[in-house]
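Undergrad: Here's a structure for you.
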Amino acid sequence: MPTDHALSLTDILAAQRVIRGQAGDTPLVPSPHMTAQAGQDFLLKLENTQPTGAFKLRGALNALAALPAGAAGVVCCSTGNHGRAVAYAARLRGIRAVVCMSGLVPEAKVAGIRALGAEVRIIGRSQDAAAVESRRLCNEEGLVEIPPFDDPQVIAGQGTIGVELLAARPDLTAILVPLSGGGLAAGVALAAKSINPKIRLIGISMDRGAAMRESLAAGRPVMVTEHASLADSLGGGIGLENRLTFPLCRELLDEVVLVSEEEIRDAMQALYYEDRIVAEGASVVGLAATLAGKVRLSGPAATIITGRNLDMATFTAIMAGQDVRIGDLVVKGKPYGA
Ligand SMILES: *Cc1c(COP(=O)(O)O)cnc(C)c1O
């Protein structure tokens with residue numbers, strides 16, 4: 001059993017009731033290809049089927065349900081899956097959502113957030129400037145910031161995936177969890193290990209800028225340099241003031257494995273060509289680690305296909321075996337199976 005934390009399985013079961021009918025109960029499907037490759041039953045939890053295209057809706061819905069009475073609305077700084085989730089959840093609840101972002105954010109992402117009904121506030125040329133504006137909105141206009149991972153309600157929301165996994169397959173021996181700030185890994189690990197203390201939880205990050213892995217190795221939260229990656233949703237730090245996800249991941253993750261850009265590319269191709277699933281780089285790292293022989297499985301295992309939000313030109317280029325360029329990163333093309 002996990003030791004006493006600020007959070008427990010009870011909070012996750014409460015979150016499950018909160019999100020029911022709006023974000024829960026995504027499909028869990030077998031992957032015949034991955035089962036053959038791994039030599040064990042290998043299942044995919046399809047969070048790419050969420051209405052916002054990623055699991056973060058679970059945490060956002062749970063956090064919004066816990067807002068103090070009198071909150072004028074919510075604010076966040078994410079232009080990625082967290083921002084989409086907060087925008088969608090706020091519209092569902094009929095409250096104001098503001099997403100602060102820097103002027104460097106691509107127009108397609110801005111339009112995507114606006115289309116979900118949020119106000120977009122473009123401030124300065126950095127994430128830091130966006131964070132300052134977000135704090136001002138909290139102090140002066142009574143908005144409440146919804147953090148992307150280091151928040152008890154967010155972690156409990158993401159943890160509902162662990163409860164669903166073990167309800168569907170009590171015989172799971174391992175769960176492979178994409179790992180960035182660790183809200184997903186902390187929640188899923190807390191749920192799964194509370195239900196079955198023997199289950200193994202393996203976090204997987206990309207090998208460039210793996211903030212949680214570096215922090216675990218250092219024994220405290222550390223800063224990492226950010227790099228362009230096919231797994232862009234796994235970028236960013238864990239926060240030097242991290243309160244919850246760092247201690248939870250330190251206690252509950254059995255292992256953290258890193259994968260390369262080429263391994264992510266190969267796994268995106270395998271998931272598409274074999275299982276016919278379109279998914280973003282961050283969501284295939286569990287497959288990538290397994291296909292690369294970096295994890296040893298000794299019974300039924302599942303990974304979480306965390307999201308599907310990626311640039312389709314990048315996706316089709318990868319599927320066609322063409323080189324792709326993301327910022328200063330070039331990932332060499334390779335036809336599937338070649
Ligand atoms: C946010 C995100 C992750 C990582 O979740 P953390 O809670 O930050 O560890 C993984 N995959 C996708 C698609 C995400 O959006």
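Undergrad: From the square roots a ≥ b ≥ c of the eigenvalues of the alpha-carbon gyration tensor of segment 56-145, which class results: rounded (a/c under 1.5), prolate (a/b over b/c), or oblate?
TA: On the way: a/c = 2.01, a/b = 1.26, b/c = 1.60.
It comes out oblate by the Cα gyration axes.
Undergrad: Please tell me which of these pairs span more than 25 angstrom C-alpha to C-alpha: 294/334; 56/198; 45/332; 198/294; 109/193; 45/334?
TA: Values: 294/334 21 Å; 56/198 27 Å; 45/332 29 Å; 198/294 20 Å; 109/193 36 Å; 45/334 27 Å.
The pairs that break the limit, which is 25 Å between Cα atoms, are 56/198; 45/332; 109/193; 45/334.
Undergrad: Same structure, new question: Quick one: if you stick a label point 7 Å off each Cα along the C-beta vector at residue 218 and residue 254, how many nm between them?
TA: Roughly 2.8 nm, to one decimal.
Undergrad: Shifting gears a bit: Once you sort the root eigenvalues of the Cα gyration tensor of the chain as a ≥ b ≥ c, which label holds: rounded (a/c under 1.5), prolate (a/b larger than b/c) or oblate (the other case)? Each step should come with its number before you reach the end.
TA: On the way: a/c = 1.57, a/b = 1.19, b/c = 1.32.
Oblate is the answer for the chain, as a/c is 1.5 or above yet b/c matches or exceeds a/b.
Undergrad: Suppose R0 equals 45 Å; then what is the FRET efficiency for residue 37 and residue 69 from their Cβ-Cβ distance, rounded to the nearest 0.05?
TA: Values: r = 51 Å, r/R0 = 1.14.
It comes out at approximately 0.30.
Undergrad: Would you mind ranking 254, 41 by Cβ crowding within 10 Å, fewest neighbours first? Show your work: numbers first, answer last.
TA: On the way: 254 12, 41 18.
Neighbour counts put them in this order, fewest first: 254, 41.
Undergrad: Next question. Sorted from fewest to most neighbouring beta carbons within 10 Å, what does the list 283, 102, 126 look like? Intermediate results must be reported in sequence, preceding the final value.
TA: Numbers: 283 33, 102 18, 126 12.
Final ranking by Cβ density, sparse to dense: 126, 102, 283.
Undergrad: Taking the highest mean first, how do the peptides 319-332, 164-177 order by number of other beta carbon atoms within 10 angstrom per residue?
TA: Working: 319-332: 13.6, 164-177: 19.5.
Most protected by this proxy first, the peptides run 164-177, 319-332.
Undergrad: Each residue of segment 38-50 in turn: what ³J(HN,Hα) in whole Hz from Karplus with 6.51, -1.76, 1.60 and θ = phi - 60°, glycine and Pro shown as x?
TA: For segment 38-50, the Karplus curve yields 7, x, 9, 3, 10, 10, 10, 8, 8, 6, 5, 8, 4 Hz.
Undergrad: Here is a follow-up. Exactly which trypsin sites (Lys or Arg not before Pro) in segment 200-246 are in a DSSP loop and have at most 15 other Cβ atoms within 10 Å? Numbers along the way, then the final one.
TA: Working: sites: 200, 208, 213, 243; in loops: 208, 243.
Listed in order of number, the matching sites are 243.
Undergrad: Rank these for me by crowding, 55, 246, going from fewest to most other beta carbons within 10 Å. Don't skip to the answer; put the middle values down first.
TA: Details: 55 31, 246 23.
Ranked by crowding around the Cβ, least crowded first: 246, 55.
Undergrad: Sticking with this one: What does the C-alpha gyration tensor say about the overall shape of segment 133-239? Classify as rounded when a/c is under 1.5, otherwise prolate if a/b is larger than b/c, or oblate.
TA: On the way: a/c = 2.36, a/b = 1.35, b/c = 1.74.
The shape class here is oblate.
Undergrad: Oh, and also: Quick one: which residues, 5+ away or cross-chain, put their amide H under 5 Å from the amide H of residue 206? H built at 1.01 Å from N.
TA: 259
Values in this text are rule-based calculations from the coordinates and carry no lab data. These numbers were taken from a predicted model, which means no experiment stands behind them. For neighbour counting, all protein chains shown are included, and Cβ atoms are generated from backbone atoms with ideal geometry for every residue, glycine included.
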